[in-house]
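FYI, it's all coordinate maths here, none of it is from the lab. The model shown is predicted, which means the values in this text are computed figures rather than measured ones. For neighbour counting, all protein chains shown are included, and Cβ atoms are generated from backbone atoms with ideal geometry for every residue, glycine included.
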């Protein structure tokens, strides 16, 4: 009797596994081309206009997200919380940015492949992996500088494979003070 129960359960389990394998095919492969800017869009009454912005350099607040594992990002890739990725409201997808934690001066390179954050005062939403790499996961949010960059192909490849880019030395104390002075008075 127990053998028949195992066989009856095996059919539905195999069907679920087969369907989940098919679902994986719906994601766009992780690639740097094509770069998508996209049309303007409105979220909660705010309109965002994506643009190329090659000289993007902003100071504000970052948060992080990670519970959406397996969902599709705005550019169609599978969201992987442990990877060094982020969401931005208007930069092209994908775009590479240097993110500096203004509390510590620590810097990392991040690959933007999603849209967000849609919370007031936030300029970037980091994946859990990026938040850990930057040292801000425990805080939940932190003051940051986000600057668009063109990293080496080696760093791009590492980020496309879910690995961290090469380490960058921290920002010198004097520059860190100048960046902190640019922070909005109330952003949290």
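Going by how many other beta carbons lie within 10 Å of each one, how would you line up 137, 157, fewest first?
With the fewest neighbours first, 137, 157 line up as 157, 137.
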Study note, to complete from the structure: By the mean-Cβ-within-10 Å protection proxy, highest first, 102-110, 50-58, 123-131 rank as 123-131, 102-110, 50-58
Practice item. Quickly work out the residue 137-to-residue 173 label distance, labels modelled 7 Å from Cα along the C-beta direction, and quote it in nm with one decimal. Key: 3.0
Exercise for review: Determine Rg/Rh for the stretch 79-153; Rg is computed over alpha-carbon atoms and Rh is the Kirkwood hydrodynamic estimate from the same atoms.
Suggested key: 0.92
Review point. Translational D (Stokes-Einstein, µm²/s) of the stretch 41-181 at 37 °C and 0.692 mPa s when Rh comes from the Kirkwood sum over C-alpha pairs?
Key: 219
